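Please treat every number below as a calculation from the coordinates, not as lab data. All values derive from a computational prediction rather than experimental measurement. All Cβ positions, even for glycine, are placed from backbone atoms using ideal geometry, and neighbour counts span all protein chains on display.
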Amino acid sequence: MITIPYLTALSTYFSYGLLFAFGQLRDFFRKIIDWWQSGDLQGYAPICLGLEDFYIRRLYNRIQDCFGRPISSAPDAWFDVVERYSNDNNKTLKRTSKISRCLNLGSYNYLGFAASDEYCTPRAIESLKKFSPSTCSSRVDGGTTTLHKELEECVANFVGKPDAMVTGMGYVTNSAILPVLIGKGGLIISDSLNHNSIVNGARGSGATVRVFQHNTPSHLEKVLREQISEGQPRTHRPWKKIIVIVEGIYSMEGELCQLPEIVAICKKYKAYVYLDEAHSIGAVGKTGRGVCELLGVDTADVDIMMGTFTKSFGSCGGYIAGSKEVIQYLKYTCPAHLYATSVSPPAAQQIISAIKVILGEDGTSRGAQKLARIRENSNFFRSELQKMGFEVLGDNDSPVMPIMLYNPAKIPAFSRECLKQNVAVVTVAFPATPLLLARARICISASHTKEDLLRALEVISRVGDLVGIKYFPAEPSKQETNVIKLE
Amino acid sequence: MASSFLNIVNATLDWVTATLDAPSSRAIVFGVPIGGHLFVEVLLFLVIVFLLSQKSYKPPKRPLTEKEIDELCEEWVPESLIPPITEEMQYEPPVLESAAGPHAIINGKEVVNFAAANYLGLIGHEKLLESCTSALEKYGVGSCGPRGFYGTIDVHLDCEARIAKFLGTPDSIVYSYGLSTMFSAIPAFCKKGDIIVVDEGVHWGIQNGLYLSRSTIVYFKHNDMESLRNTLEKITLKNQRAKKLRRYIVVEAVYQNSGQIAPLDEIVKLKEKYRFRVVLDESNSFGVLGKAGRGLTEFCGVPVEKIDIITAAMGHALATEGGFCTGSARVTDHQRLSSSGYVFSASLPPYLASGAITAIDVLEENPDLITKLKKNIAVLWKGLSGILGLSLASNPESPIVFLRLEKSTGSVKSDLQLLEDISDRLLKEYSIFVVTSKRSTLDKCRLPVGIRLFVSAAHLESDLLKASESLKRVADSVLKDHI
């Protein structure tokens, strides 16, 4: 749990209050002007309702330049950020031809496969030439090539499940598969901080959804006991089935799932476990096989394993792995398999090649080095940040580390100051996090060198002092004196 | 005995009269003598207080004990995760050993491919491959981030601008997957309480979007303008509040489930009369219909501004992947923070965006692709008309040629089995690859199933003739017993 310092909470509330008040004031004047020149469509309700886009118009637009910064190179350890300018108070941003070379602390390029790779890229290009960029058909019709077959075998083997199914987009994997697995009369128990795709999939399934406190197995047990004993609401019939959905690494918290405890509880209460490894597959574990490997959970105990290829593998798409029967059933009826264009062949090849590199099947130890590197890098960076006095969330070994900012004004301040010093960080605010808990998020990659990390730490420390986000007292240590010397 | 009783009665009466005559009871409140009221009311009040002070009867509350909960948990038996596997679930699609162009290789044999929506024949196009290769070399394969967090690559912005320029709209927004375009865009604009009038034949992506929006959904008969008019009329008349709600008509340009084309000019007339907004899915018409391939708006001669939201998948005519949504600047801007499939998903791999730009360039430079496609559709139509037992259900201009059984067997399952037999034999005996319209159990579309042929501009005339010839022969022998 994140505990906000009392004073910070107060000032954050005050800031949002002020923003809200000014926003309302401006809306009031806008209304008068609109009324003056009423030329809008008569007889139609406005397409964006006032309150719906109030946040965008009055809060988000002010700091729009901190999000969606275009880049003009591969999202490697260093990348080119395109500079933008605005002539209308940030309402619209225009691209310039100027670029600045920045250190990339934002992309999910955990293993460094985003940039061109000596093993993967030539193979991807070869597949592109052989299979074209698309099959223009769904998997069940004419969109299954030999490459797709190979990919599914490769993935099943990698994650340690009998069979797997691959779709062209990670988001769709969750939102199209949950409705197939469960429907009315079923119960989904979902972690309170699960990704939006799971939330949408659960909503789309028509099953009842209950939430348990983020990463708290004891609360999960409480919810399970309560729900099983009470049955369905109103009718009190027993639930048809219960699926518990958790993520391997929570992308906004950087926390590892307490999987062993959760799996034990689910086993005890006969609930099915659905594990979303979007951020953990490839990034953690000794051979990159995700949280199951890292935390010592037998993959046979996890009924459905889901993950994406956009992060560690530097490609696109998602997978579902499970028993042979489950996959067979999904292939028979899952809309993502029946209606959506199949994975682009070069992207499929990229995944296959990346997995081969990770497993060392390319004949080198590059994969093992990458995995060792990301672990070292993450743990080094996290401990350094903590020593400096930042409030860093997340667990050791996780390559995702959020730094708490809280106040809305600190979001653009932190992001812009870092960018000025050629470090590109991601700041996350309201739609993705609770209103009060704005944060900056750092994603470490295996392609970062030690010098890169030291440089990043130096910049972040300086900006942190400037913006005032070192909420804890700094811990004097040898490491930090080194950093100061470097300055 | 009697006198004592009388005495008591008299005494009581005296007491009552005394009380009633007491100065307090003779009081006059606001000009009304209250008589003995006060006395009676005080008595009543006392009775009420007495009753209230009594404990009411409550059944004793006995929450489940831990032991009982344990037993219940022990007793509970969940259903299995999936239903038992039946034979039809074991279907394995043919595996292509080459690109999915008009001529593909399956099991080492060259087949004519009618299963890919490669309308313009851009699969394997030299220029497309070139632009994808150079983008792959420059940007790598994936973008490794959502659009908000450094997943925006300059080709995405170029692609958005290119699509908008091609269609003549102010702006557009690119999604990373065709299927997610619709089911993210609809919930961004429709919320609980809004009214959506929708064709009953729309594909699953739209159905899911409608469900997620939680709006009030009213279906009208497939491609039936009379039914649409009645529905709109009913809604506007019945619902006085309708004026304050957002109202939409959702249609597909070319229906994936039937090959029908929506009469957009009539829909626009109705929309303007009843003041609805139109959401149009151009997945199968973008790059196909209209003189320059701008889709249904061009085909029906409707100015593109009249359609509020246009979505399309790029995995068809453009032969890349992903999808886009276009409309006014307000419409596209709103989606950049409110559309879940855009905000919460990694962006389109840059090489596919660059491929889409090139595909549009190719289309603009070669308008004869569209004429060629039109000609091919006409040839196939001519060849397929008059097949025994099968009838053409699609529009003669649609690139999806849809054949359905003239006489249904009565169940979708056995219909599909018959059609499946035809397509199997076509592939095995004649090397013609066609597919049936398979449906997910989640799909609510109830239109009849059929065989779908996706015509491409790259099909040779001989391919089309061969396909119709063999289809005729196979249908004859398979449907012989059925008719």
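Taking region A:97-225, how much of its Cα-Cα pair set, in percent, is spaced more than 24 angstrom apart?
Within region A:97-225, distances greater than 24 Å cover 54 percent of Cα pairs.
Tell me which residues come under 5 Å, amide H to amide H, from B:His222 once H is placed; ignore anything under 5 positions away on its chain.
B:Glu200
Using just the alpha carbons, could you tell me how many Å³ per residue the convex hull of region B:162-304 encloses?
Hull volume over Cα atoms, normalised by residue count, gives 106 Å³.
For helix B:204-213, what angle does its Cα long axis make with the longest principal axis of chain B, in degrees from 0 to 90 and rounded to 10?
30 degrees
If the chain between B:Lys375 and B:Glu272 were fully stretched, how many nm would it gain, using 0.36 nm times the residue separation less the Cα-Cα distance?
33.6 nm
What trypsin sites (Lys or Arg not before Pro) does region B:103-212 have in DSSP loop regions with at most 13 other beta carbons within 10 Å?
Answer in residue order: B:Lys192.
Quick one: of A:Lys129/A:Lys149; A:Lys311/A:Lys356; A:Lys240/B:Lys438, which pairs are farther than 21 Å apart, Cα to Cα?
With Cα atoms farther than 21 Å apart: A:Lys240/B:Lys438.
For the pairs A:Lys94/B:Lys271; A:Lys222/A:Lys267; B:Lys221/B:Lys407; B:Lys221/B:Lys244; A:Lys222/B:Lys67, note any where the Cα-Cα span goes beyond 24 Å.
A:Lys94/B:Lys271; B:Lys221/B:Lys244
Provide the gained length on full extension for the span A:Lys98 to A:Ser11, in nm with one decimal, where the gain is 0.36 nm per separating residue minus the Cα-Cα distance.
That pair, A:Lys98 and A:Ser11, stretches by 27.6 nm at full extension.
Note down the net charge around A:Pro402, summing +1 for each Lys or Arg and -1 for each Asp or Glu among other residues with Cβ under 11 Å from its Cβ.
So the environment of A:Pro402 carries a net charge of 0.
Determine by what factor the alpha-carbon radius of gyration of chain B differs from 2.2 N^0.38 Å, reporting the quotient.
Rg over 2.2 N^0.38 Å, computed on Cα atoms: 1.55.
Would you mind checking B:Lys192/B:Lys273; A:Lys161/A:Lys286; B:Lys138/B:Lys165 for any pair whose Cα atoms are more than 22 angstrom apart?
B:Lys192/B:Lys273; B:Lys138/B:Lys165
Using +1 on the beta carbon of Lys and Arg, -1 on that of Asp and Glu, and nothing else charged, what's the dipole of region B:126-365 about the Cα centre, debye to 20?
So the dipole magnitude of region B:126-365 works out to roughly 1500 debye.
With no solvent and one equal point scatterer per Cα, compute the Debye intensity ratio I(q)/I(0) for the protein assembly as shown at 0.06 Å⁻¹ and report its log10, rounded to two decimals.
Log10 of I(q)/I(0), two decimals: -0.47.
One-quarter of the Cα convex hull surface for chain A, in nm²?
For the Cα atoms of chain A, the hull's average projected area reads 27.0 nm².
Just need the relative contact order of chain A here, percent rounded to a whole number, with Cα pairs under 8 Å and 6+ apart.
19 percent
For region A:145-233, which trypsin sites (Lys or Arg not before Pro) are in a loop by DSSP, counting at most 13 other Cβ atoms within 10 Å?
Answer in residue order: A:Lys184.
For the protein assembly as shown, what is the percent of antiparallel DSSP beta bridges, rounded to the nearest 5?
Counting DSSP beta bridges with both partners in the protein assembly as shown, the antiparallel share is about 60 percent.
Name the chymotrypsin sites (Phe, Trp or Tyr not before Pro) in region B:39-102 that are in a loop by DSSP and that have at most 11 other C-beta atoms within 10 Å, would you?
Those that pass, being in a loop and sparsely packed, are B:Tyr57.
Which is the longest stretch in chain B that no exposed loop site breaks, taking sites as GluC sites (Glu not before Pro) with a DSSP loop state and at most 14 other Cβ atoms within 10 Å?
Result for the longest clean stretch: B:80-405.
Any idea what Rg and Dmax come out to for region B:126-365 if you just take the C-alpha atoms, in Å?
Computed over the Cα atoms of region B:126-365, radius of gyration and Dmax are 17.7, 59 Å.
Starting from the Cα of B:Lys375, draw a straight line to each of the aspartates and glutamates and keep only those under 17 Å, dropping any in the same chain fewer than 8 residues away.
Candidates past the 8-residue exclusion: B:Glu397, B:Glu461, B:Asp463.
Quick check for me: using +1 on Lys/Arg Cβ and -1 on Asp/Glu Cβ, what's the dipole size of chain A about its Cα centre, in debye to the nearest 20?
I would put it at about 740 debye.
Taking K and R as +1 and D and E as -1, what net charge do the other residues with C-beta under 11 Å from the C-beta of B:Thr297 add up to?
-2
Calculate the dipole size of the protein assembly as shown relative to its Cα centre from +1 charges on Lys and Arg beta carbons and -1 charges on Asp and Glu beta carbons; express the result in debye to the nearest 20.
In total the dipole reaches around 2120 debye.
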